[in-house]
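See below for the structure under consideration.
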Amino acid sequence: MSKTRGYAAAAVKAPLEPYSFERREPREHDVSIAIRFCGVCHSDIHQARDEWGGSIFPMVPGHEIAGIVTAVGAKVTKSKVGDRAGVGCFVDSCRACAQCQQGIEQYCATGATWTYNGRDREGTPTMGGYSDKIVVDENYVLRLPENLPLDATAPLLCAGITLYSPLRHWHAGPGSKVAIVGLGGLGHMGVKLGHALGAEVTVLSHSMKKREDGLRLGADYFHATSEAETFTKLRGAFDLIINTVSAPMDWNALISLLRVDGAMVVVGIPEGQIPIGVMALAMGRRSIAGSAIGGIGETQEMLDFCGAHNVTSDIELIPIQKINEAYERVIRSDVRYRFVIDIATLGAD
Ligand code: NAP
Ligand code: ZN
Ligand code: ZN
């Protein structure tokens with residue numbers, strides 16, 4: 001076993017504090033990664049506060065992991081010492097079910113093994129990237145583009161793939177009109193990726209405060225959902241709406257912005273149920289769908305696409321000692337647009 005340092009929440013809603021634990025030694029198919037950077041996803045906060053239920057404590061969050069390979073097991077062929085390596089939201093899956101066979105392992109029939117707040121095949125709770133190293137089977141490790149800065153690449157492992165996957169699945173590209181609701185960690189990646197894919201991108205933010213940023217990130221248009229005229233002006237305007245917001249909102253008003261046969265894909269995950277009127281869907285054959293991250297193959301495709309198009313996240317790098325403050329700022333929407341923890345600062349404790 002190998003001693004690992006990190007930050008953990010000891011119990012629900014407890015502030016994160018320094019925490020040491022053991023990781024397994026690399027097995028024959030394992031890759032050992034020295035973590036350099038880890039993004040702070042709103043899902044980390046939902047889970048550390050047990051807003052989705054069933055959280056396991058102590059919890060070391062973090063699933064936007066970027067680092068360097070330090071050791072590999074005897075049978076590893078996909079990674080070598082010194083490689084830039086990424087780990088996203090899951091570290092294993094059954095590998096046998098239809099979804100695993102199709103490369104959509106995030107929808108594994110028996111449940112993927114989440115990078116943290118999950119249990120591995122031995123039943124041991126998994127621990128995430130707010131830590132100095134991680135050991136992962138080579139089939140669940142991503143290659144990170146050499147031309148992109150490692151810190152700004154980390155958020156691609158969750159925020160990036162969570163937007164890339166529905167953009168691709170619903171065919172965003174030249175000629176399509178896409179709206180991104182919520183310009184946060186996920187939303188800003190949606191703007192960059194939608195733009196890079198050639199779609200016309202509109203941001204629907206709760207105010208006009210982030211307008212300049214939205215346009216700089218690649219949006220063609222920017223509107224506020226707090227202004228009633230947004231919903232009259234843009235009625236029936238979009239082929240695809242990707243909603244990243246987890247706060248309460250007027251769902252039926254958003255649906256009315258879809259053209260006939262348009263789809264709204266929900267990626268923000270609120271605490272409770274969402275109220276949807278079927279009439280708004282029926283009168284336009286519109287659909288509403290959910291989507292979760294992406295499979296390993298698609299995540300690699302997204303990373304390669306980002307390498308080719310120079311797409312990274314806009315980040316604010318923080319020392320790990322500021323993680324609790326960062327959580328409060330994410331909740332206040334005071335982040336432009338992703339906090340990334342500089343894992344080297346763990347040494348300062
Ligand atoms: P985030 O950085 O906090 O962004 C959320 C955005 O929602 C904010 O920037 C803000 O955008 C908007 N917002 C916040 N409070 C609001 C309010 N009271 N009313 C209206 N809009 C509000 O969070 P994130 O990391 O992008 O994550 C967003 C959600 O996606 C979370 O629920 C997270 O758990 C979930 N998630 C899902 C997946 C998946 O696979 N489906 C993956 C990762 C995360 P504006 O200021 O522009 O309005
Ligand atoms: Zn995430
Ligand atoms: Zn499976």
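The values are calculated or read from the model by the stated rules, or taken from the named source; none is laboratory data. Just so you know, these numbers come straight off a predicted model, no measurement behind them. Cβ: placed from backbone, ideal geometry, glycine included. Neighbour counts: every protein chain shown.
Of the residues examined, R286 is one that is of a type in the set (K, R) and buried (at least 18 other Cβ atoms within 10 Å of the Cβ). Closer than 18 Å to V31 by Cβ, at pLDDT 95 or above and within 16 Å of ligand 3 (Cβ to nearest atom), is that true of D120? The answer is yes for D120.
Rundown of residues vs (1) surrounded by 17 or more Cβ atoms within 10 Å (Cβ to Cβ); (2) in a helix (DSSP H, G or I), yes/no style:
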position: G307; (1), (2): yes, yes
position: S313; (1), (2): yes, no
position: V330; (1), (2): yes, yes
position: T345; (1), (2): no, yes
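Give A237, A228, A282, A224 a once-over and let me know the one that is more than 26 Å from the chain's Cα centre (by Cα) and either touching a residue at least 12 places away in the same chain (Cβ under 8 Å) or under 25 Å from I45 (Cα atoms) (or both). Walk me through it before giving the result.
Working: A228 fails: either touching a residue at least 12 places away in the same chain (Cβ under 8 Å) or under 25 Å from I45 (Cα atoms) (or both); A282 fails: either touching a residue at least 12 places away in the same chain (Cβ under 8 Å) or under 25 Å from I45 (Cα atoms) (or both); A224 fails: more than 26 Å from the chain's Cα centre (by Cα).
Answer to the selection: A237.
Condition check for Q106 on (1) touching a Phe, Trp or Tyr at 6+ places or on another chain (Cβ under 9 Å); (2) part of a loop (DSSP other than H, G, I, E, B): one failure, at (2).
I'd like the full set of residues that are over 24 Å from the mean Cα position of the chain (by Cα) and surrounded by 16 or more Cβ atoms within 10 Å (Cβ to Cβ), limited to segment 263-279. Give the steps one after another, and end with the answer.
So in segment 263-279, the residues over 24 Å from the mean Cα position of the chain (by Cα) come out as 275-279.
Within segment 263-279, none qualify.
Residues that are more than 24 Å from the chain's Cα centre (by Cα) and away from ligand 2 (no atom under 16 Å from the Cβ) are absent from segment 188-197. Cβ-Cβ contacts under 9 Å between residues 6 or more apart (or on different chains), taken from a first residue in segment 4-16 that is without any contact (Cβ under 8 Å) to a residue 60 or more places away in the chain to a second residue that is in a strand (DSSP E or B) and among the charged types (D, E, K, R), are listed as A9/E17; A10/E17. Among all residue pairs at least 6 apart or on different chains, which show Cβ distances below 6 Å where the first residue, located in segment 104-117, is free of Cβ contacts under 8 Å to residues at least 40 places away in the same chain and away from ligand 2 (no atom under 16 Å from the Cβ) and the second is in a loop (DSSP other than H, G, I, E, B) and hydrophobic (A, V, I, L, M, F, W, C)? So the pair list comes out as C108/C94; C108/C97; A109/C97; T110/C94.
Of everything in segment 167-179, what is in a helix (DSSP H, G or I) and more than 10 Å from I241 (Cα to Cα)? Give them in sequence order. Steps first, please.
Step one: filter segment 167-179 for residues in a helix (DSSP H, G or I), giving 167-169.
Within segment 167-179, R168, H169 meet the criteria.
So which residues in segment 123-165 are among the acidic types (D, E) and more than 16 Å from ligand 3 (Cβ to nearest atom), if there are any at all?
Taking segment 123-165 and keeping what is among the acidic types (D, E), we get 132, 137-138, 146, 151.
Within segment 123-165, D132, E138, E146, D151 qualify.
Restricting segment 82-106 to residues that are of a type in the set (A, V, I, L, M, F, W, C) and within 16 Å of ligand 1 (Cβ to nearest atom) leaves a set whose member that is nearest to G129 (Cα to Cα) is V87. The number of residues in segment 1-45 being under 27 Å from V72 (Cα atoms) and part of a strand (DSSP E or B) comes to 22.
Residue count for segment 168-221, restricted to those that are touching a residue at least 12 places away in the same chain (Cβ under 8 Å) and either within 13 Å of ligand 1 (Cβ to nearest atom) or in contact with a Cys (Cβ under 9 Å, 6 or more places away or on another chain) (or both): 29. Within segment 38-81, being among the hydrophobic types (A, V, I, L, M, F, W, C), away from ligand 1 (no atom under 16 Å from the Cβ) and within 22 Å of I343 (Cα to Cα) holds for F57, V60, A66, I68, V69, A71, V72, V81. Selection within segment 79-104: residues that are in contact with a Lys or Arg (Cβ under 8 Å, 6 or more places away or on another chain) and among the charged types (D, E, K, R). The member of this set that is nearest to ligand 3 (Cβ to nearest atom) is D92.
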